[in-house]
Structure formats: C-alpha cells, structure tokens
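**Student:** Just passing along the structure, written as structure tokens.
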C-alpha cells in the first residue's frame, strides 16, 4: 500500500483462537488493519463503532454459524454492502444456504493462510480502503443527501436490533416449514381421491 492511502480494514470472526491469531498476524504483515472477535454478537457491536472494508467469518462462531451471521449482515442497510468471505472448513454449508445468506465468496477445505489472503485481496480489489466498505462508484446520478436531523434511534444497551430480528425471523421460518408428511398421508395421495 502506498503511504498516501489508508489501510483496508478487515474484521475476522471465528470461534477458534488459533485460527484468529494466525489470520491476524498474517493480515497485519500484509498491511491490513485487523479487528477480531470470537462471537458474532460482539462483531455486530464492533460494526456499529468501526465499519470494516471486509468481513471474514469462520463456519462457526461462539453464538451462531457463519451463514446466519452473513444473513444478519445482509439484512442491515448500513452493512449490506460489506464483502463477506466465509471459511467453511471440511464441512461445507449447502450452496442454497450460502446463496440465500449473500456470501460473496466461500473458501472450503482445510485452513490455509495463503489461500485466505488470496481471497481477501480478490474481494478487496474493487473496494476503496477507508471508505466504509463501499465499492468503487460507477458514474451516474448522485444519491440524495440525508437530512442532518436523521439520526439512528437509541436502543437499549446489550441488545442488537438486527440480531434480535434475525432470531425472531428464524423462529417464524421454522414454524412456516411443515415437517415430513405421515405415511398415511402419502399413501392417500398416491391412491387418489376416495369415492
């Protein structure tokens, strides 16, 4: 990086302290500003204070999985455009879950620091460091200015509104999906309507 440009900020979220330490030192050596967390809820509060240019998450954090964490990030208008790299390890989530969550890049397989650094540089290729994770703008009309009086509503300490909404939504989703049908119902469907 040239001295005139700010360093790209990367947030790493993983439950494994050894993996966090290895990534933290490798990214610092590669001239990135690094913030790390072992839980997604702590990472969400970190996002309120200091927005990164990229989020790297493991498949599991202390309080939720990486796919769920990404869907929470995507549901917030203030963070929906931050690039998200998911490190899945040997067990990978389904492609449907990854696509639904909005993961930008999935790195499956064994943890290799050089491969993670390569994916990070690819994801940050079109991001202007220090511009709060925004991509390089395309020419076009300028967005309307937000009024100075519009400020975020205060919230109760210790509760993250996006995390709370996601847990409520997850409960609704599980009730909306019916379970497997009974054997009797399947046999009635095959035999046709009774006369």
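**Student:** First check a/c for the stretch 9-126, with a ≥ b ≥ c the square roots of the eigenvalues of its C-alpha gyration tensor; if it is under 1.5, answer rounded, and if not, answer prolate when a/b is larger than b/c or oblate otherwise.
**Tutor:** Cα axes put the stretch 9-126 in the rounded bin.
**Student:** Stretch residue 49-residue 94 to full length: gain in nm at 0.36 nm per residue minus the Cα-Cα span?
**Tutor:** Details: separation 45, 0.36 × 45 = 16.20 nm, distance 3.22 nm.
Between residue 49 and residue 94, full extension yields 13.0 nm more.
**Student:** Calculate the FRET efficiency for residue 128 and residue 78 from the Cβ-Cβ distance with a Förster distance of 22 Å, rounded to the nearest 0.05.
**Tutor:** 0.80
**Student:** Among 9-21, 52-64, 99-111, how do they line up from the highest to the lowest mean number of other beta-carbon atoms within 10 Å?
**Tutor:** 52-64, 9-21, 99-111
**Student:** Peptides 115-121, 75-81: what's the order by average Cβ count within 10 Å, highest mean first?
**Tutor:** Packing order, densest peptide first, comes out as 115-121, 75-81.
Each reported figure results from applying straightforward, stated rules to the coordinates on display, with no laboratory input. What you see is a predicted model; the values in this text were computed from it and never measured. Don't worry about glycine lacking a Cβ; one is built from the backbone with ideal geometry, like all the others, and counts go over all protein chains shown.
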